[in-house]
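Notes follow the structure.
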Amino acid sequence: MGRWEPNARGRLLKAALELYGESGFEQTTVAEIAKRAGLTERTFFRHFADKREVLFAGMATMEELIVAAVANAPDRAAPIDAAIAGVEAAGAAIQEGGELPRLRAKIVATSAELQERELVKLALFAASIARELERRGVAEPAASLAAEAAIAVFRVAFDRWVDEANEQDLPRLIRESLGQLRAVTAGQ
């Protein structure tokens, strides 16, 4: 495949995930990723700051999607329901990625550095959800509690979805996890 062919970013992403899965994140070099994608290292660095960024590309877009879904939740939605609308939107977008999000999750699980970065990303999403809830008129600490609870619900559902034996819809798993959270907080 020539360097002039389209979708360099997508090719780099695919090559990186394949190599991380085969050789491990730590052992894979930018040069190997570029070579597998049929591109140069310079092209790699035009698209990504470093090899970690391949795994976290699209974070700003995902944050915008989540915030928009929270903002567009019905006016009378409870804070947790508005926050869940945001993570459900994220879940639907992630699911559209096919097997790549599952592969990404397995790669992240192999590295303490990547796990830390993942937690930072989720904390940023929670903060964005809380800010949007405040714009909707939800006072603190309710806004932060709803946002953090929504992220916890998302993480539990995502971990279930990543399980290879699980064929369920990610947004459905998010709703189920919310139902379980409601049950445990109600003392049932």
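The numbers here are math on the coordinates, done by the rules we state, and not lab data. Worth saying up front: this structure is predicted, and the values here are computed from it rather than measured. All Cβ positions, glycine included, derive from the backbone under ideal geometry; neighbour counts span all protein chains shown.
For residue 7 and residue 135, what does the FRET efficiency come to when R0 = 30 Å and r is the distance between their Cβ atoms, rounded to the nearest 0.05?
Working from the Cβ atoms, E equals 0.25.
How much FRET efficiency would the formula 1/(1 + (r/R0)^6) give for residue 169 and residue 113, where r is the Cβ-Cβ distance and R0 is 35 Å, rounded to 0.05?
The formula returns an efficiency of 0.65 here.
Over all alpha-carbon pairs in the range 1-116, figure out the percentage whose distance exceeds 23 Å.
40
Got a sec? Charge dipole of the range 58-185, +1 on Cβ for Lys and Arg, -1 for Asp and Glu; which of 138, 171, 119 is way out at the positive end?
138
Which value in nm describes the separation of the simple spin-label points at residue 152 and residue 52, placed 7 Å from the Cα toward the beta carbon?
2.7
Which FRET efficiency, nearest 0.05, do residue 142 and residue 59 yield, Cβ-Cβ r, R0 30 Å?
Given R0 = 30 Å and the Cβ-Cβ separation, E is 0.70.
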